[in-house]
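Comments concern the structure below.
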Amino acid sequence: MPERILVQGNEAIGWGAINAGCRHFFGYPITPQNEITEFFARELTEIGGVFVQSESEAASVAMLYGAAAAGVRAITSTSGAGWGLMQEGMSQLANAELPCVIVNMQRGGPGQGTTRHAQMDYLSTTRGGGQGGYKTIVLAPASVQECHDIIQLAFHLADKYRNPVVVLGDGILGQMAEPLEKNTMEFDPLPEKDWTIRGMGERDAGTHNFISCGQGGVIPVPPYTSYGAFLRRLEEKYRAMSADEVRYETYRNEDAQLLLVAYGSTARVCQEAVDMAHAEGISAGLLRPISLWPFPADVIREKATSGTEFLVVEDSLGQMVDDVRFAVEGKSQVHFLGILDRHLPTDGGMILPDRVLEEIKKVS
Amino acid sequence: MTVKKELVYTKPELKLGYGWGHCPGCHHPIVEKLVCEVLEEMDLAGKAVGVAGVGCSFGFFASINIDGANCAHGAAPAVATGIKRALYGKPLVFTIQGDGDCASIGGGYVLNAAARGDNITIIMVNNANYGTTGGQLAPTTIMGQVTSTTPRGRNAGQGYPIHLPELLVGMQGVAFTARAAPFTPAGYRRAKSYLKAAFQRQLDEAGLTFVELLSACPPNWHMTPLEAIQWMEDKMLPEYPEGIFKDSGGEQ
């Protein structure tokens, strides 16, 4: 029997990383993800790992760059303004093709915003928030158990594609406690990391490894012969991710005339609202994207074509709703319920199930 | 008559057969040779990992045969400590950064690496301006020096030069700081002994080590290489004196 414990989502993130074999954390304090930083400070030192409290999130991501270049599994976590500070580093990681995991437990924005929950970094996360148009897989857990499991998947996908992977949670998910079964998940074999920089004496090699976050000019960056060859490689990689890494979950969507689309903690609220709707005889279902990029556009388009309407619920002024509209291609109606529909206008307000039910009734 | 031929000078083995296009009269290639020679003489090539900043050092590790990377502008010390800690202190890790990369955009990284006592070596090449971008005001630009963004010469309104080796002396986590101007044989020997000392202190896990090396930048200074060297003697050396400013001790 796997060990079963009661923990917060933030701590589950930590256990997931440890169970993925990650022994390196670099991070800077910011609410509402401090329990992640504190978890690694406590647990990694117990098992001979490396914990560094960095001087800024820009430094966190730079340290992550170094650790990933040395070939170890490394992670950082942040929120809000810290996510903003990491954007240049995210772009450098993507260019240098360094596998690692970055957790963003979203808080309210923009700017310094609030220290409380929100879902306002969807666009900056799924669109490559830094310079130059890169892509990263973005995974959104919706339970404490999934926080743990998805971190292991994130490390696997990072190594599979030699690319950073973002796990996008939120303040509610980080703070709420649920039972967690700690386990180590099995994945397919991964390519050997023959590109790492650990000192040439660490391997049988006559030539050096060189990791670069830039191309062009006269700098040879093996294996790419030109900037064009490098861009072609990125395009192939992003296309493979789009084709193979779409993940989503559906709930009571058989014959549903209205499909709710929500991710993270908001999806949990919507699940309850769907049950309440069914109790009143209204046929509504839920589609929960687990990968926010690549987005499950095909299944949404398919449903739209057969006449299903959509209600997007997200704790923002409307970000993921754009992806749903793109997927629907005008073939059906897309309704939206957002942060202005919270039960309180304060930063502690939430979109509650009865408000979602009210909207379901309105649009059904 | 038999002529006895003896090889008395050659490029270091670690130096790869191509550079990456520095300007005539630039001293970056001297720094490349210096680093290669020191690594060879200390037999450290197999355990060395280098990190270059953004600017004229960006391709440093494309052109010498040790493991290396470049990274975001200014972030090399944090990347270096990431590598060092990922491998539990095993490799010799050093950075090559320009003065703008190291002292301006990367100043905070240097200060915090120093505060943590990171066991890495920072090599800062100071050419008193931003070379790659065409010669703008740098944190090391000398008072009165004309650059493309100080067309009437740097004045107090544009601030004063930063002297990192002197500045870092007061930091508890710093084991060694020094400055050399490797454009004369004597300066080259000094630079070499400082770099060896810095690497040795790193191997001894004594803390952060920092070596500043002066370089000419003839195109952006609008000088010939020889005029540039004269200017370094007249203007740069008085502002940036050679020497060791802090040394935690040990064998050199």
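In table form, for the structure just shown:
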quantity	calculated
The listed residue being of a type outside the set (Gly, Ala, Ser), at positive phi and either assigned to a loop (DSSP other than H, G, I, E, B) or touching a residue at least 12 places away in the same chain (Cβ under 8 Å) (or both), out of A:Asp188, A:Asp255	A:Asp255
Scan of the stretch B:119-135 for residues that are assigned to a strand (DSSP E or B) and more than 14 Å from B:Pro77 (Cα to Cα), ordered by number	B:Val125, B:Asn126, B:Tyr130
Residue that is among the aliphatic types (A, V, I, L, M), within 25 Å of B:Leu16 (Cβ to Cβ) and outside any loop (DSSP other than H, G, I, E, B), where the choices are A:Ala229, A:Ala205	A:Ala229
Residue among B:Asp43, B:Asp67 that alone is surrounded by fewer than 15 Cβ atoms within 10 Å (Cβ to Cβ) and not aliphatic (A, V, I, L, M)	B:Asp43
Test set (1) within 22 Å of B:Tyr194 (Cα to Cα); (2) buried (at least 24 other Cβ atoms within 10 Å of the Cβ) - B:Cys36 fails condition number	(2)
All positions within the stretch A:275-312 that are β-branched (Val, Ile, Thr) and more than 17 Å from A:Tyr248 (Cα to Cα)	A:Ile282, A:Thr305, A:Thr308
Cross-chain or 6+ apart pairs with Cβ under 7 Å, the stretch A:318-336 first and within 13 Å of A:Thr305 (Cα to Cα), then of a type in the set (Ser, Thr, Tyr)	A:Lys331/A:Thr305; A:Ser332/A:Thr308
Qualifying positions in the stretch A:275-320 - at pLDDT below 95 and either part of a strand (DSSP E or B) or within 27 Å of A:His148 (Cα to Cα) (or both)	none
Hey, A:Ala41 within 11 Å of another protein chain (Cβ to nearest Cβ) and either closer than 25 Å to B:Asp67 by Cα or part of a helix (DSSP H, G or I) (or both) or not	no
B:Ala191 being among the hydrophobic types (A, V, I, L, M, F, W, C), in contact (Cβ under 8 Å) with a residue 12 or more places away in the chain, surrounded by 16 or more Cβ atoms within 10 Å (Cβ to Cβ) and over 19 Å from B:Cys26 (Cβ atoms)	no
Failed condition for A:Glu35, given (1) buried (at least 23 other Cβ atoms within 10 Å of the Cβ); (2) in a helix (DSSP H, G or I); (3) under 19 Å from the mean Cα position of the chain (by Cα)	(1)
Flag if A:Leu234 is at pLDDT 95 or above, more than 29 Å from A:Ile172 (Cα to Cα), away from chain B (no Cβ under 14 Å) and surrounded by 13 or more Cβ atoms within 10 Å (Cβ to Cβ)	yes
Given (1) touching a strand residue (DSSP E or B) at 6+ places or on another chain (Cβ under 8 Å); (2) free of Cβ contacts under 8 Å to residues at least 40 places away in the same chain, index of the condition B:Leu167 fails	(1)
Residues satisfying the stated conditions in the stretch A:144-190, i.e. of a type in the set (Asp, Glu) and closer than 22 Å to A:Ala68 by Cα	A:Asp149, A:Asp159, A:Glu186, A:Asp188
Helices (runs of 4 or more DSSP H) fully within the stretch B:7-118 counting 1 or more residues that are of a type in the set (D, E, K, R), within 13 Å of chain A (Cβ to nearest Cβ) and within 30 Å of A:Ser56 (Cα to Cα)	B:76-86, B:107-116
Matching option when the condition is hydroxyl-bearing (Ser, Thr, Tyr), without any contact (Cβ under 8 Å) to a residue 12 or more places away in the chain, in contact with a helix residue (DSSP H, G or I) (Cβ under 9 Å, 6 or more places away or on another chain) and surrounded by fewer than 18 Cβ atoms within 10 Å (Cβ to Cβ), among A:Thr225, A:Thr207	A:Thr207
Residues within the stretch A:47-102 that are away from chain B (no Cβ under 11 Å) and within 23 Å of A:Pro223 (Cβ to Cβ), tallied	3
Yes/no for A:Asp347 being in contact with a Gly (Cβ under 6 Å, 6 or more places away or on another chain) and assigned to a loop (DSSP other than H, G, I, E, B)	yes
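The values are calculated or read from the model by the stated rules, or taken from the named source; none is laboratory data. What you see is a predicted model; the values in this text were computed from it and never measured. As a convention, Cβ positions derive from the backbone with ideal geometry for all residues, glycine included, and neighbour counts pool all protein chains shown.
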